[in-house]
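Here's the structure, in structure tokens; my notes come after.
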Amino acid sequence: MIRVVLTDIEGTTSSISFVHDVLFPYASEHLPGFIRDNYERPDVAEQLDAVAKSTGQDRQDVDGLIETLLTWIREDRKETPLKALQGMIWEYGYDRGELKGHIYEDAAHHLRLWHDRGLRLFVYSSGSVQAQKLIFGYTTAGDFTPFFSGYFDTRIGGKKDAGSYRNIVAELGVEPSTVLFLSDVEAELEAAEQAGLETAWLIREGEVPEDAGRFIARDFSEVESLLRKQ
């Protein structure tokens, strides 16, 4: 019996284009000025320390650290300090009304439905927890943060690593078979399955593999059909 739904964001609850065509460019545009204006702020300084330690750069070379971060954005690197700094920049944009989080209509409807039914909802994304809360807190359909019981990011482990899902299950204190993980990335689903989780592969566009060996859904209404069979 599924009691927990663990969902990815990009390509699952929200469009890939929103992340790549809106959020990433916004972060790239505002990152240099944000870092220069706030490099002594403790939370920003902590992340810059991590970048310098990871790359071996001079911590005092702020321009060099900025260039590294911009390169990581272009390469879509899943570096934890980058994700944390992006979250801070996006918070600025959301607060100013310059950003609105995208959420698919079917996802919005069923997240409400599942919450009201008593399912526990969690997010697992490569974006920082802060960024996750922002995208769901400022969606075009309203604030969805009250529907979620918690959030996980790369601090729990990489999304293609089965150990990450074991860590999540252990933290939640539930049996793996009671957790349904939703994602559009097959390698993430494989890792979750290795940890004993149930999965649903969201393929919103394009051809559906004939012999995928796992449940496939075009949208959340089809995931609902799976849950009703439990």
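Quick one: Cα centre-to-centre distance for the stretch 161-185 and the stretch 10-63, in angstrom? Each part's Cα centre sits 28 Å from the other's. By how many degrees, between 0 and 90 and to the nearest 10, does the Cα long axis of helix 24-38 differ from the longest principal axis of the chain? Once rounded, the angle reads 40 degrees.
For the chain, the longest principal axis of the Cα atoms and the long axis of helix 105-117 meet at an angle of about 70 degrees.
Under a model in which nothing but the beta-carbon of Lys, Arg (+1) and Asp, Glu (-1) is charged, the chain shows a dipole of about 680 debye around its Cα centre. Among the trypsin sites (Lys or Arg not before Pro) in the stretch 181-230, those placed in a DSSP loop whose Cβ has at most 11 other Cβ atoms within 10 Å are LYS229.
Dividing the Cα radius of gyration of the stretch 132-230 by its Kirkwood radius returns 0.97 for Rg/Rh. Accessible surface computed residue by residue for the chain, with neighbouring protein chains in place and a 1.4 Å probe, gives 47 Å² per residue. No solvent, one uniform scatterer per C-alpha: report log10 I(q)/I(0) for the stretch 70-204 via the Debye equation at q = 0.20 1/Å, two decimals. Listed by q, the Debye log ratios stand at -1.36.
When Rg and the Kirkwood Rh are both derived from Cα coordinates, the Rg/Rh ratio for the stretch 1-114 amounts to 1.05. In whole percent, and with a 1.4 Å probe on the protein chains, what portion of the accessible area of the chain is carbon and sulfur? The computed percentage sits at 45. For the stretch 54-128, a Kirkwood radius taken over Cα pairs fed into Stokes-Einstein (25 °C, viscosity 0.890 mPa s) yields D = 160 µm²/s.
For the chain, the alpha carbon convex hull comes to 126 Å³ per residue, rounded to a whole number.
Remark: spin-label model distance GLU205-GLU175 equals 4.0 nm, labels positioned 7 Å along the Cα→Cβ axis.
The values are calculated or read from the model by the stated rules, or taken from the named source; none is laboratory data. Note that this is a predicted model, so its numbers are computed, not measured. All Cβ positions, glycine included, derive from the backbone under ideal geometry; neighbour counts span all protein chains shown. Ligands, DNA and RNA are excluded from the accessible area calculation, which covers all protein heavy atoms including side chains. Shrake-Rupley method; radii C 1.70, N 1.55, O 1.52, S 1.80 Å.
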